[in-house]
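Since the structure comes first, as structure tokens, the remarks are kept for the end.
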Amino acid sequence: MSMLFNSVITDFDLHSGLSQAKASIRRRLSDMRGMFADQTAFEEELRTDDRLVYEYYDMGVPHTEKDVAYGTSIVYPGKVGAEYHMTKGHFHTVLDTTEVYFCLRGHGYLMMENPEGDVEARELKPGLALYVPKRYAHRSINVSATEPLITFFAFPGHAGHDHGTIETKGFRKVIAEKHGAAEIVDNPRWST
Ligand SMILES: [Fe+2]
């Protein structure tokens with residue numbers, strides 16, 4: 001009897017989000033230059049603490065539309081100025097592809113925006129699954145002071161990541177701490 005597919009089991013720890021089977025891709029503060037609104041705070045923090053901001057997995061699934069790429073993303077708690085730790089964020093290179101995020105641990109937001117400027121920020125808490133519509137850039141933001149934000153994601157294998165437009169322009173909105181609470185505010189550095 002022939003096998004129709006090769007099944008793969010991978011461990012993802014529910015507490016840490018990490019896998020022992022595979023090396024993660026790690027992003028430190030020094031990898032995030034230009035992404036936080038308060039650049040003075042960024043440079044000050046970087047001088048003394050080039051900390052791990054987030055890590056995620058690329059499981060090496062083939063880049064075809066018949067495959068599903070998946071893995072976990074872990075954003076560690078912290079802030080740069082008033083702005084919470086976050087991922088760089090990206091559009092998909094194939095813009096009309098979607099993604100699902102399932103939150104395993106922590107508290108945060110997924111910031112989304114499309115090229116027309118429509119913005120949506122959705123809260124992530126354990127047990128919530130979020131469907132990111134096609135054409136929306138997305139970024140995970142951890143608003144907890146103590147816990148990592150851990151999500152499991154899945155997207156079409158051919159989607160690809162387009163960091164470029166977000167790295168140069170940023171998102172229209174950022175999430176910053178105001179009076180001890182997370183608030184969605186205009187990005188002072190965003191420009192058309
Ligand atoms: Fe994505």
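Points worth noting:
- Net dipole in debye of the chain [+1 Lys, Arg Cβ; -1 Asp, Glu Cβ; about Cα centre; nearest 20]: 80 debye
- Computed label-point distance, nm, for sites Arg172 and Val119 using a 7 Å Cα→Cβ extension: 0.7 nm
- Theoretical FRET efficiency, 1/(1+(r/R0)^6), r = Cβ-Cβ of Thr64 and Leu128, R0 30 Å, to 0.05: 0.55
- Projected onto planes of every orientation and averaged, the convex hull of the alpha-carbon atoms in the chain covers 11.7 nm².
- Across the options Tyr56, Phe153, Gly127, the greatest Cα extent toward the positive end of the charge dipole of the stretch 25-186 (unit charges at beta carbon of Lys, Arg, Asp, Glu) belongs to Gly127.
- Nearby lysines by direct alpha-carbon distance to Lys169 (threshold 17 angstrom, same-chain neighbours under 8 apart not counted): Lys88
- Theoretical FRET efficiency, 1/(1+(r/R0)^6), r = Cβ-Cβ of Lys22 and Leu95, R0 25 Å, to 0.05: 0.35
- The GluC sites (Glu not before Pro) of the stretch 1-98 that DSSP puts in a loop, and whose beta carbon has at most 13 other beta carbons within 10 Å, are Glu65.
Computed from the coordinates by the stated procedures, all read-outs in this text should not be read as laboratory data. Note that the structure is a prediction, hence the values are computed from the model and not measured. No Cβ is skipped: glycine too gets one built from the backbone with ideal geometry, and neighbour counts run over all protein chains shown.
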